[in-house]
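The values are calculated or read from the model by the stated rules, or taken from the named source; none is laboratory data. Quantities reported herein were computed from a predicted structural model and do not represent experimental measurements. In this analysis, Cβ positions are derived from the backbone assuming ideal geometry, glycine residues included, and neighbour counts consider all displayed protein chains. When the accessible area is computed, the model is the full protein with side chains, heavy atoms only, and any ligands, DNA or RNA have been set aside. Shrake-Rupley method; radii C 1.70, N 1.55, O 1.52, S 1.80 Å.
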Amino acid sequence: ANAELRQLSTLDPLTNVYNRRYLDEMLAVECKRANRSGQNLALVLLDIDHFKPINDRYGHAVGDKCLRAVAEALAGVAKRPGDLLARYGGEEFVLVLPNTDEAQAARVAEEGRAAVAALALDHEGTPLPLTISAGIAARVPAGNDMANRLLRDADRALYKAKDEGRNRVVKASQLQPEDLSV
């Protein structure tokens, strides 16, 4: 019963992927592990493009259907045993990819972007085209604030993807140095 309760407390009930609390715990663990091993840790922050108009026009039940479908599509790209997909909040998701450099993470993010774009959802015969934007940060963690720095850099890359027209993947290395954390 305790194990079942623990599992239930780590999952987002709507999307059935890990929740923010579990993400925070595991990201700290993965940062420490990557620091000890000297291996890269990649973080991909993903956001459903133009999600608010879907909720506003069709209602939250349709929005929930979209969130579940996106979560399922993204779960399909988190293939390795150590990969972690979590709902970050609202219409945002995070992939934590241990032992993964930025180029590898970009391939995974692109696969997720394509999987979401290929979803064929509709509401009462009206197509619901979905796309996502993704921001990537990857490095060998060092220091106490590594999880926050990875999140901040991935978030900045995500906003660059949105500024460039959405439905795209942007790596933190593509940003100007002054836009990234030190």
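For this structure, a couple of remarks:
- For segment 66-182, share of DSSP beta bridges that run antiparallel, in % to the nearest 5: 70
- Contour minus Cα-Cα distance for Lys52 and Ala120 (0.36 nm per residue): 22.6 nm
- If only the Cβ of Lys and Arg carry +1 and only the Cβ of Asp and Glu carry -1, the dipole of segment 35-118 around its Cα centre is close to 200 debye.
- Electrostatic dipole magnitude of the chain [Cβ: Lys, Arg +1; Asp, Glu -1; Cα centre; debye, to 20]: 380
- Dipole of segment 103-182 computed with +1 at Lys/Arg Cβ and -1 at Asp/Glu Cβ about the Cα centre; of Ala105, Leu158, Pro127, farthest Cα towards the positive end is Ala105.
- Whole-percent carbon and sulfur share, accessible surface of segment 44-182, 1.4 Å: 48
- Residues of type aspartates and glutamates that Lys65 reaches as a straight line, Cα spacing below 20 Å, ignoring anything fewer than 8 places off in the same chain: Asp12, Asp47, Asp49, Asp56, Glu91, Glu92, Asp122, Glu124
- By a 1.4 Å probe calculation restricted to protein chains, Thr100 has an accessible surface near 10 Å², given to the nearest 10.
- Positive-end residue of Leu23, Leu43, Cys66, charge dipole of segment 1-122 with Cβ unit charges: Leu23
- Only protein heavy atoms count here; on that basis, with a 1.4 Å probe, Arg87 has an accessible area of about 40 Å².
- For segment 59-148, applying the loop criterion from DSSP together with a ceiling of 11 other beta carbons within 10 Å to the GluC sites (Glu not before Pro) yields Glu124.
- Working from the Cα coordinates of the chain, the gyration tensor eigenvalues give, after taking √(5λ), semi-axes of 27, 21, 13 Å in decreasing order.
- Radius of gyration (Cα atoms) of segment 1-90, expressed as a multiple of 2.2 N^0.38 Å: 1.25.
- Rounded to the nearest 500, the 222 nm mean residue ellipticity of the chain from helices alone is -15000 deg cm²/dmol, with -39,500 (n - 2.57) taken per DSSP H run of at least 4 residues.
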